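First up is the structure itself, then whatever we jot down about it.
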Amino acid sequence: MNPYPKPLRDLIAQLKRLPGVGEKTATRLALFILSDSNGLAETLSRSLQNVHDNIRLCSVCFNLTDTSRCSICQDPNRDSSLICVVEEPSDVLAIETAHAYRGIYHVLHGLISPMSGIGPEDIKLPELMERLKRSHVSEVIVATNPSVEGEGTFHYIEKLITDGGFEAKVSRIALGIPMGGELKYMDQVTLASALRYRRIVKDK
């Protein structure tokens with residue numbers, strides 16, 4: 001028999017729906033929220049409601065924003081001729097933390113996955129093509145994960161741009177051996193990617 005009262009059990013059940021949160025973690029979080037004397041429950045509730053009411057998709061790149069256009073799309077110092085295509089908004093954050101990219105983004109909100117019934121029209125691919133038609137883009141960098149779906153989506157985008165007669169180059173982020181890694185510990189997929197996406201150091 002569960003010794004906790006129903007409101008607490010309901011909170012634990014909702015916390016368990018979060019990714020990576022199991023029964024024990026959900027219970028510990030629920031008890032912490034309950035015992036906190038600094039108004040955590042109230043401020044957490046307000047924050048959740050605020051996110052639900054005000055966060056939307058950017059009208060240009062489909063990143064998360066609380067305005068019509070996200071801060072990156074509004075930044076005049078970003079290079080609008082470079083578009084980096086990513087799967088999810090969290091990928092934008094990951095790339096931004098590297099401080100090595102000054103272009104703009106396009107968030108697909110998924111990948112092509114025939115096995116899951118997800119086709120090109122189910123993600124933001126048509127919107128990407130519309131962006132290419134409306135503005136001058138010199139390069140589209142596809143930064144999807146090195147999975148079957150990620151590779152398939154990359155090749156589909158490459159074909160769309162090539163067949164559509166767009167001037168934009170299509171590139172793929174380098175995949176392979178991480179900094180500090182050793183060849184003898186790499187799996188076959190990682191080694192194959194490293195070889196496939198190798199680069200010429202100096203042209204003769």
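The values are calculated or read from the model by the stated rules, or taken from the named source; none is laboratory data. It should be emphasised that the depicted structure is a prediction, and the values quoted were computed from it without experimental measurement. As a convention, Cβ positions derive from the backbone with ideal geometry for all residues, glycine included, and neighbour counts pool all protein chains shown.
A compact table of results
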quantity: Residue among H99, H109 that alone is in contact with a Lys or Arg (Cβ under 6 Å, 6 or more places away or on another chain), at positive phi and either assigned by TED's automatic domain parsing to the domain that holds A143 or of a type in the set (A, V, I, L, M) (or both); calculated: H109
quantity: Residues (among the small types (G, A, S) and either crowded, with 17+ Cβ neighbours inside 10 Å or at pLDDT 95 or above (or both)) located in region 91-114; calculated: G103, G110, S113
quantity: Helices (runs of 4 or more DSSP H) contained in region 86-193 and holding at least 1 residues β-branched (V, I, T); calculated: 89-96, 148-163
quantity: Single condition E158 does not satisfy, out of (1) touching a residue at least 24 places away in the same chain (Cβ under 8 Å); (2) under 24 Å from R102 (Cβ atoms); (3) surrounded by 12 or more Cβ atoms within 10 Å (Cβ to Cβ); calculated: (1)
quantity: Filter pass, F166 being in contact (Cβ under 8 Å) with a residue 12 or more places away in the chain, surrounded by 11 or more Cβ atoms within 10 Å (Cβ to Cβ), under 14 Å from C84 (Cα atoms) and of a type in the set (F, W, Y); calculated: no
quantity: Considering residues of region 169-204 that are of a type in the set (S, T, Y) and in contact with a strand residue (DSSP E or B) (Cβ under 9 Å, 6 or more places away or on another chain) only, the residue surrounded by the most Cβ atoms within 10 Å (Cβ to Cβ); calculated: S171
